[in-house]
Amino acid sequence: MSPHAGPGRLCASPWRRAATLAVAGVLAAGVLAACGGGGGNNSSGGSTSIVVSHGYTDVEAKALQDAANTWNQQNPDKKVTLQFNGGNDSALQKTLAGFTAGNFPDVAYEYGSSAAQLARQPKLVDLTDKVKDPSVDWNDFFLSGREAAMVDGKVVGVPALIDNLSLVYNKKMFADAGVAPPTPDWTWADFRAAAKKLTDPSTRTYGWAYVNDGSEDTVWRYLAMLWQAGGELLNADNTAPAFDSAAGKAALQQLYDMGVVDKSVYLDNGNGNYLNLFNSGKIAMLWTGPWDLSSINSDISYGVTYLPGYNGNHQTISGPDLYMLFDHSTAQSNAAFDFVTWLTSAKEHIKFAIATGDLPLRTSETKLPEYQTFLKKFPAEKVFVANLNNVKHVRPNIPQYAEVSSAIGTMVQSVLLGKSSPDDALSQASSQVTSALAGS
Amino acid sequence: MVTPSVVLIGVFGLLPVAWAVWLSFQHNDLLTPGQWAGFDNYRQLVHDPVFRDSVRRTVVYTVLFVPITLVLSLLAAAALNRRVRGISIYRLAVFVPVVTSTVATGVIFTWLLDPDYGIVNSLLAKAGLPTFGFFSSPDSALYSIVIMTVWGWVGFGALIYLAALQGIPQDLIEAAQMDGCSRRGAFWRIEVPLLRPVSAFLLVWLTINALQLFDEVYVTTKGGPLHATTVVVYYLYQQAFQYFHAGYAAAIAVVLFVVIAVITLVQLRLTRDASEAGGAP
């Protein structure tokens, strides 16, 4: 392009451009009308075909494809096609774009935090009655998964993944620093003291890492501490904030004492460096889930235990994901439900767990003989499975959760950066949450 | 035979714009049918302190990014506009950032500028200079984005300037030198004024891009820490795709569209008047 062409083009006559635009608009409307009216009714002659969208890659994608192949062999009349959505982080955005375009999947893998928003979508299949079928054995799913699937008393999805936060630590760093390794009954004070001893500013070594980008990653670790201290995020009917309490203060104070007073916390700005630094022996402890274990280098000897507790309360938090169903036709949503319940049945899911290291979804999975194979392959998962019993709270499933989360994220971030005191941050976040809840 | 391209522009360019304007007069969460809102979204916008802050940050960013990029592009182009051995390697080096993906740039810069382990802080510390929090500190995050985006855009500006410099007839420079003008004097007094139309193009182009800053924020700071890099388009994204206030986000988009249109017209008018008055070629 000649450098002189630029300004010339930008200066083209406005009238000519306006005329072109008008013509384009009329033509485009015609094209859209001609293309519209496509649909997703894919059932003909007793055979149905459904689309399942997901964001899995690598091992998980292969395991899911294997499962779908098995299903298609056994059920030639209910054909499942998997569709990669580009990554689970943007699954919600992708699904929404699909609704706008009139081209949405029959089943979508979604984060539990998206459940309340998608529950408002008119095409969502309400599973409340369907899961009462004894063959589904709904109560066999771990509680955190079932609760994540509940919005306003309605079942809006089937648990696809269940996890929790546990304490993962580098054994060698504890030995080198002469600090006794963590135990399941550690207190917040034990945790703080150990982190301080493991910190060495001269070598830039830290006791703990906190994801401090203000996202849900920042929020859920705080929520575990809030619940341990006996606090609640919102009141019982989710209409007002409840975290501006002694418990909320205690949890923030612990973060302040460690992050600002002791400076024993590496503040990850959201790019996930904490895991590389854990692998390089620069960070001794993480609060993380099973998904990080496969990224820890094989030369790092690590241990896993429960989160440190407050007055003996070692609660943790789970961030379950869901399969959500959307309605194209009764035949298709029935086929979708059959596929999803089969996929998440104990017998089928344990295969997926052995392939991927995902935790079991159901209590009965841990009683199958294959479960021993799972533990043998992933010994560290034992603690994560046991720690599922420490999941006693769920995040509120309300459409305004994203805004609530944003306010809490900013609160924690400002305290850890030393920009506000715990008291100021609490009251500011509390008023933001109040207006977010009011403005729905 | 312009119909196919007109249709494409219409479907992928104009309809979304028209739809966004329509959306901006609705309360719409993209999930349920929207409700007519009249000017509610615009009224709310005027009283939204977060939006005001995001505008302020966008202005600060633009005022820093555009002139710095313009000047560095010009200097880089001047340095590259000579015949020395291996010049194409230097030119390539300057241009590489332009074709590097934003995600890769973001990852590289977050490591370079990591407060604890980054090479920049460790060099600063070795030289006895103060170190910075860069992306991790609310006080420096926006400036870190300026550094990163200037690095990414100088190659583009330099390329455009270089092409223009090579189009300047050498006899003009030679004539000036015969009249006793130094090489440096010829550059500032003859070549730079002749580059005015190119500078005008770059000014408009860089300003539009600066006002629409998004990708670099998304891949590095996600608007943080403590909203320090929540610029207008990032705020729009948050409203639309995190909080699902699509109507409100569309109102932000419309306001931004109008502002960019006005600024572009003013810039074009100013630079055109100046070049006519200055007697450009």
Taking the condition over 16 Å from A:Leu252 (Cα atoms), over 25 Å from the mean Cα position of the chain (by Cα) and buried (at least 22 other Cβ atoms within 10 Å of the Cβ), does A:Thr199 pass? yes
Any chance you could count how many residues in region A:97-114 are within 12 Å of chain B (Cβ to nearest Cβ) and surrounded by 16 or more Cβ atoms within 10 Å (Cβ to Cβ)? 5
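Do the conditions hold for A:Ser406, that is, is it surrounded by 21 or more Cβ atoms within 10 Å (Cβ to Cβ), of a type outside the set (A, V, I, L, M), within 17 Å of A:Gly319 (Cα to Cα) and within 14 Å of chain B (Cβ to nearest Cβ)?
In short, yes.
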Could you give every pair whose Cβ atoms fall below 8 Å, whose first residue belongs to region A:383-402 and is closer than 19 Å to A:Tyr111 by Cα and within 14 Å of chain B (Cβ to nearest Cβ), and whose second residue is assigned to a loop (DSSP other than H, G, I, E, B) and basic (Lys, Arg), counting only separations of at least 6 or pairs across chains? A:Pro399/A:Arg120; A:Tyr401/A:Arg395
Counting just the residues of region A:206-256 that are touching a Ser or Thr at 6+ places or on another chain (Cβ under 9 Å) and of a type in the set (Asp, Glu), which one comes out farthest from the other protein chains (Cβ to nearest Cβ)? A:Glu232
Tally the residues that are loosely packed, with under 12 Cβ neighbours inside 10 Å and part of a helix (DSSP H, G or I), restricting the search to region A:70-82. 2
A careful count of residues in region B:145-171 that are more than 14 Å from chain A (Cβ to nearest Cβ) and surrounded by 14 or more Cβ atoms within 10 Å (Cβ to Cβ) gives 9
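Counting only residues that are in a loop (DSSP other than H, G, I, E, B) and in contact with a helix residue (DSSP H, G or I) (Cβ under 7 Å, 6 or more places away or on another chain), which one in region B:199-226 is farthest from the other protein chains (Cβ to nearest Cβ)? Don't jump to the end; show me each part of the working.
Narrowing region B:199-226 to residues in a loop (DSSP other than H, G, I, E, B): B:212-214, B:221-226.
If we keep only those that are in contact with a helix residue (DSSP H, G or I) (Cβ under 7 Å, 6 or more places away or on another chain) too, we end up with B:212-214, B:221, B:223-226.
Details: B:Gln212: 16, B:Leu213: 18, B:Phe214: 15, B:Thr221: 7, B:Gly223: 8, B:Gly224: 5, B:Pro225: 6, B:Leu226: 6 Å.
My answer is B:Leu213.
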From the set of residues in region A:195-222 that are in contact (Cβ under 8 Å) with a residue 60 or more places away in the chain and of a type in the set (Lys, Arg), which is farthest from A:Tyr306 (Cα to Cα)? A:Arg204
Search result, residues across region A:179-205 that are among the acidic types (Asp, Glu) and away from every other protein chain (no Cβ under 13 Å): A:Asp185, A:Asp190
Of all residues in region B:133-157, which are out of contact with any helix residue (DSSP H, G or I) (no Cβ under 7 Å at 6 or more places or on another chain) and farther than 21 Å from B:Val94 by Cβ? B:Gly133, B:Ser136, B:Ser137, B:Pro138, B:Asp139, B:Tyr143
If we ask which residues in region A:130-181 are more than 27 Å from A:Asn397 (Cα to Cα), in contact (Cβ under 8 Å) with a residue 40 or more places away in the chain and in a helix (DSSP H, G or I), their number turns out to be 5
Are there any helices (runs of 4 or more DSSP H) wholly within region B:1-57 with 1 or more residues that are under 24 Å from the mean Cα position of the chain (by Cα) and within 13 Å of chain A (Cβ to nearest Cβ), and if so which? B:3-9, B:15-23
Go through the residues of region A:267-276 one by one and say whether even a single one is assigned to a loop (DSSP other than H, G, I, E, B), out of contact with any helix residue (DSSP H, G or I) (no Cβ under 6 Å at 6 or more places or on another chain) and not assigned by TED's automatic domain parsing to the domain that holds A:Pro379. yes
Kindly indicate which of A:Asn238, A:Asn271, A:Asn311 is within 22 Å of the chain's Cα centre (by Cα) and on the phi > 0 side of the Ramachandran plot. A:Asn238
Answer residue from region A:180-194, given it is under 16 Å from A:Val304 (Cα atoms) and aliphatic (A, V, I, L, M) and is surrounded by the fewest Cβ atoms within 10 Å (Cβ to Cβ) among those: A:Ala180
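Every residue, every condition in (1) out of contact with any helix residue (DSSP H, G or I) (no Cβ under 6 Å at 6 or more places or on another chain); (2) under 27 Å from B:Phe244 (Cβ atoms); (3) among the charged types (D, E, K, R), yes or no:
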{"residue": "A:Glu370", "(1), (2), (3)": "no, no, yes"}
{"residue": "A:Leu375", "(1), (2), (3)": "no, no, no"}
{"residue": "A:Val394", "(1), (2), (3)": "no, yes, no"}
{"residue": "A:Asn397", "(1), (2), (3)": "no, yes, no"}
{"residue": "A:Val404", "(1), (2), (3)": "no, yes, no"}
{"residue": "A:Ser414", "(1), (2), (3)": "no, yes, no"}
Just one of the numbered conditions (1) within 11 Å of chain B (Cβ to nearest Cβ); (2) over 16 Å from the mean Cα position of the chain (by Cα) is not true of A:Asp129; which one? (1)
Cβ-Cβ below 8 Å, separation at least six or inter-chain, first residue in region B:25-50 and of a type in the set (Ser, Thr, Tyr), second modelled with pLDDT of 90 or more and crowded, with 16+ Cβ neighbours inside 10 Å: which pairs? B:Tyr42/B:Ser24; B:Tyr42/B:Ala251; B:Tyr42/B:Val255
Here the residues within region A:202-218 that are in contact with a Gly (Cβ under 7 Å, 6 or more places away or on another chain), part of a loop (DSSP other than H, G, I, E, B), surrounded by 21 or more Cβ atoms within 10 Å (Cβ to Cβ) and at negative phi are A:Asp213
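Matching residues to (1) away from chain A (no Cβ under 13 Å); (2) modelled with pLDDT of 90 or more; (3) within 26 Å of the chain's Cα centre (by Cα); (4) not in a helix (DSSP H, G or I):
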site: B:Val94; (1), (2), (3), (4): yes, no, yes, no
site: B:Asp116; (1), (2), (3), (4): no, no, no, yes
site: B:Ser122; (1), (2), (3), (4): no, no, no, no
site: B:Ala125; (1), (2), (3), (4): no, no, no, no
site: B:Gly128; (1), (2), (3), (4): yes, no, no, yes
site: B:Thr131; (1), (2), (3), (4): no, no, no, yes
site: B:Tyr143; (1), (2), (3), (4): yes, yes, yes, no
Restricting attention to region B:228-246, which residues are closer than 20 Å to A:Ser90 by Cα and in a helix (DSSP H, G or I)? B:Val233, B:Tyr234, B:Tyr235, B:Leu236, B:Tyr237, B:Gln238, B:Gln239, B:Ala240, B:Phe241, B:Ala246
Please specify each residue of region A:353-382 satisfying the condition of being hydroxyl-bearing (Ser, Thr, Tyr) and free of Cβ contacts under 8 Å to residues at least 60 places away in the same chain. A:Thr366, A:Tyr371, A:Thr373
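The values are calculated or read from the model by the stated rules, or taken from the named source; none is laboratory data. What you see is a predicted model; the values in this text were computed from it and never measured. Note that each Cβ is placed from the backbone with ideal geometry, even for glycine, and that neighbours are counted across all protein chains shown.
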